[in-house]
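The values are calculated or read from the model by the stated rules, or taken from the named source; none is laboratory data. Note that the coordinates shown come from a computational prediction; the quantities given were computed from them, not determined experimentally. Heads up, the Cβs are rebuilt from the backbone with ideal geometry, glycines too, and the neighbour counts pull from every protein chain shown.
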Amino acid sequence: MAVFIFLFGLTIGSFLNVLIFRLPENKSILGFSKCRKCKKRIAWPDNIPILSFLLLRGRCRNCNSKISFQYPLVELLTSLLFLISFFVYGENPLPLIYILFLVSLLIVIAFIDFKHFLILDSLILSGFIVSALLIFNFQLSIFNFPNCEIINCFFKDAFWGASFFAGIYLFLFLISRGKWLGFGDVKLAALLGFTMGLKNSVDIFYLTFLIGFIFAIILLVFKKAGLKTEMPLGTLMAGASILFLLSGFSFLDLINSELILRLWLKN
C-alpha cells in the first residue's frame, strides 16, 4: 500500500505542477503538456514523473532547452508528503483523503506564492468548499468533541480559528498598509483557521514565524538576502501548516508542559 501511495503522490505531484504553472497565467489546466520554450506537445514517455526528467537529463527532447527543476521537486515532495500522511493517518480513510487534499492545496499555494507573491482566490475558495463538505466526519476524529453536535462544536471552533488567525494578519495588513503582507495572506489565514481550529491556529501562527526567522537568519548569514528582502508569507504559512499536520507539534502543549514542570519542581 505504501508503494501505491508513493506512486499516487508522484502522479498527483505532476498534476500540481500543471496548476502551479498555469493558474497564475490564467491558462486552462486541461489539455496536453507542452514545452514552455518550443511549445511542442510532450509525448507520454517524456511525461513520466521524475523518471523522464532523469532520462532526458533535464532537457526538452525537441528543443534541448532546460526543464525546470520544479517538476521533479514538486513530484518528489508530494509523493514523500503523501507517504508520511499515510503513515500518520492511514488507518482512517476519510481523514487521509482530507489530509492529502490539504497537503496538495498547500503545496500549490506555497509554490505559487514563492514564485509570484500571489495567493489565488480560486485556491482559497476550493479549500473552504472541500473542507466544509468533508469536515463532518473528519474533524470529530481529530478534535474529538465528545457528546457534542458538530454544528455546535466544530463550526464554532472553526469560526473562532478563522477570526483569530485572519484577524491578526488583517491587523498587520492594515497598520502596514499592505507593506508587510498582502491581503491574500489574510485570506489564507482565514482558511487555515477554519480548517485547523482555534488552538491549532495559534500553533501554526508561532510555527510560521519560527520558520520565517530561521530562513531569514540563514539567508542573511549566506548573504542571499538583506534586511529589506521580502519573504513569501503564504509559503511560510503553508509550510508551517503541513509540518503541523504531519507532526502534531504544539507550542501550547510545550508551554503547558514547561509550566507544569516548573510547578512540580517548586513543590
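Side notes on the structure shown:
- Qualifying residue in the range 43-56 (condition: closer than 19 Å to THR195 by Cα and either outside the structural domain of SER14 (by TED's automatic domain parsing) or of a type outside the set (Ser, Thr, Tyr) (or both)): no
- Residue match in the range 23-40 (condition: outside the structural domain of LEU105 (by TED's automatic domain parsing), closer than 30 Å to ASP121 by Cα, among the charged types (D, E, K, R) and touching a Lys or Arg at 6+ places or on another chain (Cβ under 6 Å)): yes
- Within this structure, LEU172 passes the test of being at pLDDT 90 or above and either surrounded by fewer than 21 Cβ atoms within 10 Å (Cβ to Cβ) or farther than 19 Å from ILE129 by Cα (or both).
- Condition check for THR229: exposed (fewer than 14 other Cβ atoms within 10 Å of the Cβ) and closer than 21 Å to ILE112 by Cβ: yes
- Counting only helices (runs of 4 or more DSSP H) that sit completely within the range 1-116, those holding 1 or more residues that are within 14 Å of the chain's Cα centre (by Cα) and of a type outside the set (A, V, I, L, M) correspond to 2-22, 70-89, 93-116.
- Restricting ASP203, ASP185 to those that are buried (at least 18 other Cβ atoms within 10 Å of the Cβ) and either modelled with pLDDT under 90 or in a loop (DSSP other than H, G, I, E, B) (or both) reduces the list to ASP203.
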